Every structure is written in C-alpha cells, then in structure tokens.
Amino acid sequence: MRKNIVAGNWKMNCDLPMTQTLISELKKGLQTDYNCEIMIAPSHPCLYPAFNSTLDTPIEVVAQNVSEQEKGAFTGEVSIDMLQSVGVKTVIIGHSERRDSYGETDELLAAKTIAAVEKGMRVIFCCGEHLDVRKAGNHVSVVTSQIEKGLFQLSAAQMEQVVIAYEPVWAIGTGETASPEQAQDMHAAIRSFLKDKYGEMTANHTSILYGGSVKPANAVEIFAKPDVDGGLVGGASLDATSFLAIADAF
Ligand code: PGA
C-alpha cells in the first residue's frame, strides 16, 4: 500500500558508537505525529544494535544491500536470512553507488530483488540516470529500462512489497537537487510505466521516493508533488535534527 516514507541512507559513515549516538539523538528529537514512515539504514555490523535500540520507536532499521545468494561459500556477503535474523524487514537494492562502484548489473539486481521479495522482505529499489543521459534527454527511457529489468519479473502481488527510489545520480551528494518539477515528471513517468505493466491499482499502491540532496530546505516543496511519496536521504540523514525536519516536511 502506498505510504509516505522518509529513509536515511547512512552509507559507510557510522561505526557502532556513531550509530548509537545518532539513534539516541533521533530518539530525543522524535515527535509523535509524523505523517510518514521513518527508516534508517546503518551499515551491516550495526544493524542488530540499531534494531534493538529502536524497538520502542517508530523507526524501522533497514539494510543497505543484500546478497542474491541464499547461503554458502560467498565470502563477505550477507544473506537475506541473516538480515531477517537480526530484525531487518526492508532492504535497499540497486543504489547507484552499488551499480557504479561495484558493478551491480540489472540482472544481478533483478536476482537480489526476487530473492528478497520471495523471502517476504520489502525492497527499496533504486533507479536513476547520470548527467550525460539527462542532458541527452534520455532519462525517462534509461530509468524505465532499469525498472523493467530489475522489477518486471515480479507479480503484481509481489510489487506490493516494492518501494521505488528515483535518485538522479547527478544530484546525489552534490548539493544539486532535481527541481520539484523534474522529480514530479519522472515519478509520474515511472507510475505510468507501472500502470502499463501492472494496472492502475499497483501503480497507485507503489510508493516512489525521491533521492538526491534532499534537505530540510527543499523537502516540503519536493514532497508536495503528487507522485512523490517521500525521500531517500543521504548526507542530511547523518544529522538527527535535519533528518527529523525532513520527516516533518509531510
Ligand atoms: P544525498 O544521497 O542525500 O547525500 O544526495 C542520497 C542517496 O544516495 O541515497
């Protein structure tokens, strides 16, 4: 079901003491009446302590990545079962940093997504174009192709477990944000693409988040757009006050 979500992607920034400090600052600043789900994505070693420290809060702890393999000789990988065993129910898949720096292909991301969904996980599936693609005017076709290759093996029922995060690569960590209109145009294009494949109900049930330099100063305007259902927030999620101000934008 379509929900407003604000998710903090902490990337590789917080060790355990930093994770604990940030969570206690979040707990101190947390109000009772957010009009959105609030998620944080600490690094793998900190997931279990983060899960335990947020049990008494509305904050959901999610993972930044997962293996497509079930178990066995995959040195350095983390499985879906492992995430679930420490309380994680949602995983980010296909962040552009995974695609670009770790060579994660559409095929691999499709395998990760189906494996996670089949085990009952919710998936935040990331997509987004590079600057040259946008300049050439090919952003919609590139993003819809990422969605087609990564998600369209799922059934309409399985799509209920998927949240899409549109993150233009040129706006990630750069301070440059897509304008609310650019975000809305892409989100509407994604929703109509979902409608063509799965029908109106699935398209309307899918939360589509925007990511790329979301800050308290721009969140209200971006989240006000009809097809924007929240944000995947990097830099600004590392500061409890700004992250909660973004959650407050709804
Ligand atoms: P940013 O990162 O908010 O620092 O641009 C967003 C993301 O990579 O998810």
Which net charge results when you count Lys and Arg as +1 and Asp and Glu as -1 among the other residues whose beta-carbon is under 14 Å from that of residue 231? -3
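Counting every Cα pair in segment 35-116, what percent are over 17 Å apart?
Values: 1622 of 3321 pairs.
So the pairs more than 17 Å apart make up 49 percent of the total in segment 35-116.
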Summing Lys, Arg as +1 and Asp, Glu as -1, what charge do residues with Cβ under 14 Å from the Cβ of residue 53 carry, residue 53 excluded? -1
Among 30, 52, 123, whose Cα lies farthest out toward the positive end of the dipole of segment 3-145, if unit charges sit on the beta carbon of Lys, Arg (+1) and Asp, Glu (-1)? 30
Would you mind telling me the share, in percent, of accessible area of the chain contributed by carbon and sulfur at probe 1.4 angstrom? 53 percent
Just want to confirm a number: the relative contact order over the chain, from Cα pairs under 8 angstrom separated by 6+ residues, in percent. 23 percent
Ordered by residue, what ³J(HN,Hα) values in Hz, to whole numbers, does segment 99-107 give under the Karplus form 6.51 cos²θ - 1.76 cosθ + 1.60, where θ = phi - 60° and Gly and Pro are x? 5, 7, 8, 10, x, 6, 8, 4, 5
Just to be sure I follow the rule: in segment 1-118, considering lysines 8 or more places apart or on different chains, how many pairs have Cα atoms under 20 Å apart? 6
Return the sequence-ordered ³J(HN,Hα) values of segment 48-57 in whole Hz as given by the Karplus equation 6.51 cos²θ - 1.76 cosθ + 1.60 applied to θ = phi - 60°, using x for Gly and Pro. 5, x, 5, 4, 5, 6, 10, 3, 8, 10
Near the amide H of residue 8, under 5 Å away, which other amide H atoms are found, from residues 5 or more places off or on another chain, if H is placed in the peptide plane? 39, 40, 41, 233
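Per Stokes-Einstein, at 25 °C and 0.890 mPa s, what whole-number D in µm² s⁻¹ belongs to segment 76-190, with the Kirkwood radius over Cα pairs as the hydrodynamic radius? It would help to have the intermediate numbers written out before the result.
Values: Rh = 14.9 Å.
D, rounded to a whole number, is 165 µm²/s.
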When the convex hull of its Cα atoms is projected in every direction, mean area for segment 76-118 (nm²): 3.3 nm²
Read phi for every residue in segment 139-153 and hand back ³J(HN,Hα) as whole Hz from Karplus 6.51 cos²θ - 1.76 cosθ + 1.60, θ = phi - 60°, with x for Gly and Pro. 5, 5, 5, 5, 5, 5, 5, 4, 5, 4, 6, x, 10, 6, 7
Given a 1.4 Å probe, the accessible area of segment 1-56 per residue, as a whole number of Å², is 53 Å²
What are the residues whose amide H is under 5 Å from the amide H of residue 125, where those residues sit 5 or more places off or on another chain and H is modelled from the backbone? 93, 163, 164, 165
Dmax and Rg, reported as Rg then Dmax, of segment 198-250 (C-alpha, Å): 12.3, 39
How many Å² of accessible area per residue for segment 155-218, probe 1.4 Å? 37 Å²
About the Cα centre, charge dipole magnitude for the chain (Lys/Arg +1, Asp/Glu -1 at Cβ), debye: 180 debye
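Residue 43: net charge of surrounding residues, Cβ under 11 Å, Lys/Arg +1, Asp/Glu -1, itself excluded? Mind dumping the intermediate values first?
Values: positive: 11; negative: 15.
Result for the local shell: 0.
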Taking segment 143-225 and dividing mean pair separation by its residue count, relative contact order in percent (alpha carbons under 8 Å, at least six apart): 43 percent
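Considering all alpha-carbon pairs of the chain, what whole percent are spaced by more than 26 angstrom?
On the way: 10564 of 31125 pairs.
I get 34 percent for the Cα pairs in the chain exceeding 26 Å.
Let me have the 222 nm mean residue ellipticity of the chain computed from DSSP H runs of 4+ only, each contributing -39500 (n - 2.57), with the sum over all residues rounded to the nearest 500.
Working: 12 runs with 109 residues, N = 250.
It comes out at -12500 deg cm²/dmol, rounded to the nearest 500.
The values are calculated or read from the model by the stated rules, or taken from the named source; none is laboratory data. The structure presented is a predicted model; accordingly, all values stated were derived computationally and were not measured. Glycine also receives a Cβ, built like all others from the backbone with ideal geometry; neighbour counts cover every protein chain displayed. SASA here: full protein model, heavy atoms, side chains in, ligands and nucleic acids out. Shrake-Rupley method; radii C 1.70, N 1.55, O 1.52, S 1.80 Å.
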